[in-house]
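Heads up, the thing below is written out as structure tokens.
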Amino acid sequence: MAPDSKESGAICHLLRCHLLRCHLLRCHLLRCHLLRCHLLRCHLLRCHLLRCHLLTSALLCARSGGV
């Protein structure tokens, strides 16, 4: 009876390790996805701010040139 309980304990341990590995991999993939989304958002925000800056500069130039 002792070997059976030892064997089932080993199986539980392996299963726990496998589930932990799956969980860590999922967390890592989620972190990578979130980081990619964050970097994309930063890039888009930078592009938007640059466009706004260029548009504002163009308007100021046009206004000062017109006056």
For the chain, take N as its residue count and report Rg(C-alpha) divided by 2.2 N^0.38 Å. 2.63
Over the chain, with every protein chain in place, what whole percent of the accessible area is carbon and sulfur at 1.4 Å, could you tell me? 73
Per residue accessible area of the chain, 1.4 Å probe, in Å²: 97
Suppose only helical runs count, i.e. DSSP H with n ≥ 4. What mean residue ellipticity at 222 nm does that imply for the chain under -39500 (n - 2.57) per run, divided by all residues and rounded to the nearest 500 deg cm²/dmol? -37000 deg cm²/dmol
Work from the charge dipole of the chain (Cβ charges, +1 for Lys and Arg, -1 for Asp and Glu, about the Cα centre) and give the residue of Cys42, Ala62, Leu19 farthest towards its positive end. Ala62
With R₀ set to 30 angstrom, the calculated FRET efficiency between the beta-carbons of Thr56 and Arg31, to the nearest 0.05, is 0.25
With label points set 7 Å from each Cα along the Cα-to-Cβ direction at Ser5 and Arg41, the distance between them in nm comes to 5.2
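The values are calculated or read from the model by the stated rules, or taken from the named source; none is laboratory data. Note that the coordinates shown come from a computational prediction; the quantities given were computed from them, not determined experimentally. Here the Cβ is made from the backbone with ideal geometry for all residues, glycine too, and neighbour counts use every protein chain on show. Only protein heavy atoms, including side chains, enter the accessible area calculation; ligands, DNA and RNA are left aside. Shrake-Rupley method; radii C 1.70, N 1.55, O 1.52, S 1.80 Å.
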